[in-house]
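A short worksheet on the structure shown next.
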Amino acid sequence: QLQLVESGGGLVQAGGSLRLSCAASGSIFSLNAMGWYRQAPGKQRELVATITIDGRTNYVDSVKGRFTISRDNAKNTVYLQMNSLKAEDTAVYYCTADDSWNRRYWGQGTQVTVSS
C-alpha cells in the first residue's frame with residue numbers, strides 16, 4: 001500500500017504562483033506513475049498532469065505552458081509548479097500514485113484558491 005501526503009496549497013492572487021508537493025510512503029518499491037487531479041466546486045474531478053517513473057509528462061490543455069509536473073524519485077515526491085494562476089484554477093488538488101499492480105492511490109487533497 002502507498003500513502004500520500006500533500007502540501008503547498010493556499011490562497012494566491014491571479015497571476016501568482018504556487019508549488020504543490022506530494023510525498024509517498026509505504027510500499028514505495030512499487031511506486032510507478034504519479035499525477036495530480038483537481039476538482040472545482042460543482043464540477044467533475046479532472047486530470048491535471050501525470051509523470052511516469054522515467055519522467056515522461058502529460059498535461060491537460062488548460063494548464064500547458066503554465067504548470068510543470070516533476071518528481072524526485074530519491075524522495076518519492078511529486079511536485080506541481082503552478083505559474084500564471086487563474087481564477088479557474090481554483091479547486092481541491094489531489095495527488096495520485098500508481099503501483100506496479102496498477103492500483104491507484106489518492107492523497108487527501110489540498111485547496112488552491114486563486115483570487116481575481
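Listed values, structure above:
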{"quantity": "Rounded FRET efficiency, nearest 0.05, which uses the C-beta distance separating VAL60 from THR113 and R0 of 22 Å", "calculated": "0.70"}
{"quantity": "Cross-link reach list, aspartates and glutamates versus LYS75, counting only Cα pairs under 15 Å and skipping chain neighbours closer than eight places", "calculated": "GLU6, ASP54"}
{"quantity": "Heavy-atom accessible area ranking, 1.4 Å probe, most first, across LYS75, LYS86", "calculated": "LYS75, LYS86"}
{"quantity": "FRET efficiency, LYS86 to SER7 (Cβ-Cβ, R0 22 Å, nearest 0.05)", "calculated": "0.50"}
{"quantity": "Candidates ALA97, ALA24, ALA40: whichever shows maximal mean-square fluctuation once the chain is modelled as a Gaussian network with Cα springs under 10 Å", "calculated": "ALA40"}
{"quantity": "Partner lysines for LYS43 [C-alpha distance under 29 Å; skip if fewer than 8 residues away on the same chain]", "calculated": "LYS64, LYS86"}
{"quantity": "Share of carbon and sulfur in the accessible heavy-atom surface of segment 1-99 [1.4 Å probe, %]", "calculated": "48"}
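The values are calculated or read from the model by the stated rules, or taken from the named source; none is laboratory data. Being a predicted model, the structure only gives us computed values, none of them experimental. Note that we place each Cβ from the backbone using ideal geometry, even for glycine, and neighbour counts take in every protein chain shown. The protein model used for the area step is the full one, side chains on, heavy atoms only, and it has no ligands, DNA or RNA in it. Shrake-Rupley method; radii C 1.70, N 1.55, O 1.52, S 1.80 Å.
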